[in-house]
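Have a look at the structure below, then the notes.
The values are calculated or read from the model by the stated rules, or taken from the named source; none is laboratory data. Model, not experiment: these values are computed from the prediction. Note that we place each Cβ from the backbone using ideal geometry, even for glycine, and neighbour counts take in every protein chain shown. Remember, those area values only see protein heavy atoms, side chains included, never the ligands or the DNA or RNA. Shrake-Rupley method; radii C 1.70, N 1.55, O 1.52, S 1.80 Å.
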Amino acid sequence: MTTGKINVSVENIFPLIKKFLYSDHEIFLRELVSNATDATLKLKHLTSIGETSVEYGNPIIEVKIDKEGKKLHIIDQGLGMTADEVEKYINQVAFSGAEEFLEKYKDSAKDSGIIGHFGLGFYSAFMVAEKVEIITKSYKDEPAAHWICDGSPEFTLETADKTTRGTEIILHIAEDSLEFLEDFKIRELLTKYNKFMPVPIKFGTRKEQKAYGVGEEEKMEEIEVENIINNPSPAWTKQPTELTDEDYKNFYRELYPMQFEEPLFNIHLNVDYPFNLTGILYFPKMSADLQIQKDKIQLYQNQVFVTDNVEGIVPEFLTMLKGVIDSPDIPLNVSRSYLQADGAVKKISNYITRKVADKLKSLFTENREDFEKKWNDIKIVLEYGMLSEPKFYEKAGAFVLYPTVSKNYYTLDELKEAIKEKQTDKDGKLIVLYASNNDAQHSYVEAAEAKGYEVLLLDSPIVSHLIQKLESDNENLQFVRVDSDHIDNLIKKDDNQISKLSDEEKESLKTTLESIVPTATYTVQLEAMDSQAAPFMITQPEFMRRMKEMSQSSGGGGMFGMGNFPEMYNLVVNTNSDLATSILNEKDKTTQEGLVKQALDLAKLSQGLLKGEDLTAFVKRSFELIK
Ligand code: ADP
Ligand code: MG
C-alpha cells in the first residue's frame with residue numbers, strides 16, 4: 001500500500017473548488033459520466049487500431065444509487081487505469097491548471113462551469129461527496145488499484161481484487177447533497193446532460209410487456225428490464241441520406257417530449273472544415289403565445305449537453321428555432337461576451353445563417369406550394385432575419401414572399417412585375433399597396449381590389465421596419481397603406497370614370513359638406529368613383545400615419561416632441577354614389593345634416609375612429625333611424 005500527498009500548490013483547493021463551482025454543482029455527474037465515456041471510447045479506439053487484442057464487446061456505463069450506504073456508483077467497462085496511471089492522472093495532472101484558472105476567471109468562474117478543460121472534471125465529485133473511491137482495473141495485465149480520498153489532499157492507494165476491466169467511481173455523498181441519492185434527481189441529471197452520449201448508460205430498471213407462449217396460449221407478462229437512459233446515436237450524428245422525414249420528426253419528439261406540435265421543416269447541419277459542427281435545426285410552428293423560450297436550441301459538445309443558451313453561436317433571429325448544435329470547436333461554457341469575441345464563434349454563426357438561407361431557398365424552389373402554406377408560420381423569423389442580418393438579407397430575395405390579401409404569394413421581383421402596369425405613379429415609381437389588418441381595413445381593400453390593384457397583407461409586428469428597409473434599398477418602390485390618401489392621388493388614373501355630377505353640383509356639394517364636417521380634422525375630397533364604391537371614406541396620408549406610428553413607438557413623449565400629433569384625415573366622398581346625390585338634393589337642412597353626420601360616422605366606424613361618446617350617440621341615432 002502506498003500513501004502520499006496529492007500534488008497541489010494550493011493546500012485548501014477542495015474548499016475552493018466547492019465554493020467556486022457551487023452554483024453548478026450538479027455537473028459532477030456529467031463530468032464523471034464523461035470520463036467513463038472517454039475511457040470507453042479510448043478502449044474502442046485502441047482495439048480498432050489493433051493496439052490491444054482485448055475484446056471490446058458491448059460496454060455500457062452504469063449509474064447506481066445505494067441509498068442505505070449513501071453512495072453513488074458510476075461504473076464503466078472502459079480502459080481502466082493501472083496504479084501508476086492513477087498516480088499520474090488523478091493525483092498529479094488534475095490540478096495543473098487550477099491556480100491559473102482561479103486567478104484568471106475570478107468572479108466569472110462562479111457560473112461559467114469551466115471544469116473539463118482544466119482537468120478539474122474528476123474533482124467536481126468533491127462538490128457533492130465527502131469521500132471518493134476509485135476501483136479500477138486496466139485493460140493491461142496489471143492488478144486493480146483502489147484509491148481513496150476524503151476531500152483533504154491526503155489519499156491512499158492500494159491494490160484491489162477487481163477482476164473485470166474498467167473503473168468504478170464511488171461517491172460517499174455528503175450530508176448537504178443527499179438529494180443526489182434520489183432516483184428522480186439522478187434520472188433528471190442524466191436526462192439533461194447525458195441523453196445523447198455515445199455509450200449506453202444504464203440506470204435502474206423499467207417495466208416492459210413481454211409475450212410468452214404461442215398462438216392461442218400467448219399471454220403478456222410484465223417484466224423488469226435494464227433501463228438505458230440515453231440514445232447513443234442521435235439523429236444529428238447520422239448522415240442526412242440515412243434519415244427519413246419520419247426520423248427527423250421522431251428526433252424532434254425525443255428532444256422535446258412535451259412538445260406536441262410537429263415542426264414545419266428541418267435543416268441538417270454538417271460541416272468539418274474550417275470548424276467541426278453538426279446538428280439539426282427545426283422551424284417550429286410559431287404559436288401566438290410565443291412559448292418559444294421554453295424549448296430552446298441545445299448546444300452539445302461531442303454529444304454531451306452543454307447549455308441551451310446559444311446566444312452568439314446562433315444568429316439572434318434564429319434563436320426562435322429549435323434543435324441541436326454539436327461542436328467541439330466552441331469554447332466550452334464560457335461567458336457570452338467571450339463567445340462573441342471569439343472568431344470561430346462568429347464564423348459558426350455566419351455558417352448557420354448561410355445554411356438556413358440555402359435550405360429555405362431549396363424548400364422554396366422544390367415545393368413552392370408547400371412553402372407558401374408555411375409562410376405565415378415562418379415569416380416573423382425571416383422578416384426579422386432580413387432586418388438584423390445583412391448576410392441573410394442578401395439571400396432573402398430568392399425566397400421571401402409578399403402575400404396579397406387574396407392569397408397570391410409574390411417574391412419581390414414578381415410583385416414588381418405584377419404591379420408595374422397599374423400601380424405606377426407619375427414619376428414611374430411603383431406603388432405597393434398593403435393592408436396591415438384585413439378586417440380593420442376591409443372596405444379600403446375592397447375598393448382597391450375593385451380597381452384591379454394588388455393589395456399585400458403585411459401584418460407582422462415588425463413590418464413597418466421592413467418596409468422602410470425595402471424602400472431605402474429599392475429606389476423605385478413606395479409602400480402605401482391601403483387606407484392612405486395616396487392611392488388615387490399617386491397612381492395614374494384611368495380617366496374613364498365619368499362623373500355623374502356637374503362641376504357646379506360638385507362645388508355645391510363640397511360647400512355643404514364643409515359646413516357640416518369639422519374641417520380642422522377632415523379635408524373634404526370629392527372623387528368620381530364607381531357608384532358601388534363606399535360613398536364616404538376616411539383616409540390618412542401615409543406620411544402622417546408613419547410619423548404618428550413612429551412617435552408612438554418612441555415612447556410617450558414622442559420623438560421631436562411629436563406627442564400631440566394633430567388628428568388629420570381626408571374625407572373622400574364618392575360623387576357617383578347615390579348618397580352624394582341624395583345629400584345634394586336634400587332641401588331640408590336638418591335632414592341633410594343628419595345624412596352627412598351619419599355617413600361620416602359610418603366612415604369613421606370602418607376606420608376604427610368612432611369611439612366613446614360619439615359611438616354611443618351613433619348607435620342611438622341608428623336605432624332611431626330603423627324604428
Ligand atoms: P479531463 O477529463 O479533462 O482529462 P478529469 O479530471 O475529468 O480531466 O480526469 C482526469 C483524468 O483521469 C482523465 O484524463 C483520465 O485519464 C483519468 N480518468 C478519470 N476517470 C476515468 C475513468 N473512469 N476511466 C479511466 N480513466 C479515467
Ligand atoms: Mg473529464
How do the pairs read when you match residues in region 148-164 that are in contact (Cβ under 8 Å) with a residue 12 or more places away in the chain with residues anywhere that are open to solvent by 90 Å² or more (accessible area, probe 1.4 Å) and not polar (S, T, N, Q), using Cβ under 6 Å and keeping only pairs 6 or more apart or on different chains? G151/E130; P153/K5; E158/M1
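Does Q607 satisfy being more than 44 Å from the chain's Cα centre (by Cα) and surrounded by 16 or more Cβ atoms within 10 Å (Cβ to Cβ)?
No: the conditions fail for Q607.
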Matching residues in region 31-88 - criterion: being small (G, A, S) and touching a strand residue (DSSP E or B) at 6+ places or on another chain (Cβ under 7 Å): S34, A36, A39, G78, G80, A83
For region 38-51: of the residues being under 19 Å from D141 (Cβ atoms) and open to solvent by less than 40 Å² (accessible area, probe 1.4 Å), which is farthest from ligand 1 (Cβ to nearest atom)? T47
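Going by the conditions given, is N35 within 13 Å of ligand 1 (Cβ to nearest atom) and surrounded by fewer than 23 Cβ atoms within 10 Å (Cβ to Cβ)?
Considered against the rule, which asks whether it is within 13 Å of ligand 1 (Cβ to nearest atom) and surrounded by fewer than 23 Cβ atoms within 10 Å (Cβ to Cβ), N35 comes out as yes.
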Do we find a residue being in a strand (DSSP E or B) and open to solvent by less than 60 Å² (accessible area, probe 1.4 Å) anywhere in region 383-403? yes
So V54, is it under 41 Å from the mean Cα position of the chain (by Cα), assigned by TED's automatic domain parsing to the domain that holds L189 and more than 9 Å from ligand 1 (Cβ to nearest atom): no
So which pairs qualify, if the first residue must be in region 463-480 and closer than 15 Å to D413 by Cβ, the second must be open to solvent by 70 Å² or more (accessible area, probe 1.4 Å), the Cβ gap must be under 9 Å, and the two must be at least 6 apart or on different chains? N476/D427
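For (1) modelled with pLDDT under 90; (2) within 20 Å of A447 (Cβ to Cβ); (3) open to solvent by 60 Å² or more (accessible area, probe 1.4 Å), each residue gets a yes or a no:
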position	(1), (2), (3)
T581	no, yes, no
K587	no, no, yes
T591	no, no, yes
L595	no, no, no
Name the residues in region 22-76 that are among the basic types (K, R) and in a helix (DSSP H, G or I), would you? R30, K42, K44
Filter pass, L72 being open to solvent by less than 40 Å² (accessible area, probe 1.4 Å), farther than 26 Å from S177 by Cβ, outside the structural domain of Q301 (by TED's automatic domain parsing) and more than 12 Å from ligand 1 (Cβ to nearest atom): no
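Please specify each residue of region 35-57 satisfying the condition of being among the polar types (S, T, N, Q) and touching a residue at least 24 places away in the same chain (Cβ under 8 Å).
Answer for region 35-57, where residues must be among the polar types (S, T, N, Q) and touching a residue at least 24 places away in the same chain (Cβ under 8 Å): N35, T37, T40, T52.
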Testing I223 on (1) β-branched (V, I, T); (2) open to solvent by less than 60 Å² (accessible area, probe 1.4 Å); (3) under 27 Å from S34 (Cβ atoms); (4) without any contact (Cβ under 8 Å) to a residue 40 or more places away in the chain, one condition comes back false. Which one is that? (3)
Residues of region 44-62 that turn out to be modelled with pLDDT of 85 or more, away from ligand 2 (no atom under 16 Å from the Cβ) and among the hydrophobic types (A, V, I, L, M, F, W, C), as a count: 2
Residue count for region 612-621, restricted to those that are at pLDDT 90 or above and either not hydrophobic (A, V, I, L, M, F, W, C) or not in a helix (DSSP H, G or I) (or both): 4
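Counting only residues that are among the small types (G, A, S), in contact (Cβ under 8 Å) with a residue 60 or more places away in the chain and surrounded by fewer than 16 Cβ atoms within 10 Å (Cβ to Cβ), how many does region 425-459 have?
Step one: filter region 425-459 for residues among the small types (G, A, S), giving 428, 435-436, 440, 443, 447-448, 450, 452.
Then drop every residue that is not in contact (Cβ under 8 Å) with a residue 60 or more places away in the chain, which leaves 440, 443, 447, 450.
Then drop every residue that is not surrounded by fewer than 16 Cβ atoms within 10 Å (Cβ to Cβ), which leaves 440, 450.
Total satisfying the criteria: 2.
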Just to be sure, is D530 open to solvent by 70 Å² or more (accessible area, probe 1.4 Å) and at pLDDT below 90? yes
Return yes when V93 is within 11 Å of ligand 1 (Cβ to nearest atom), farther than 25 Å from G204 by Cα and at pLDDT 85 or above and no when it is not. no
Sort through A435, A450 and tell me the only one that's among the small types (G, A, S) and at pLDDT 90 or above. A435
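Could you tell me whether any residue of region 81-88 is within 14 Å of ligand 2 (Cβ to nearest atom) and either at pLDDT 85 or above or touching a Leu at 6+ places or on another chain (Cβ under 6 Å) (or both)?
Scanning region 81-88, I find at least one residue that is within 14 Å of ligand 2 (Cβ to nearest atom) and either at pLDDT 85 or above or touching a Leu at 6+ places or on another chain (Cβ under 6 Å) (or both), so the answer is yes.
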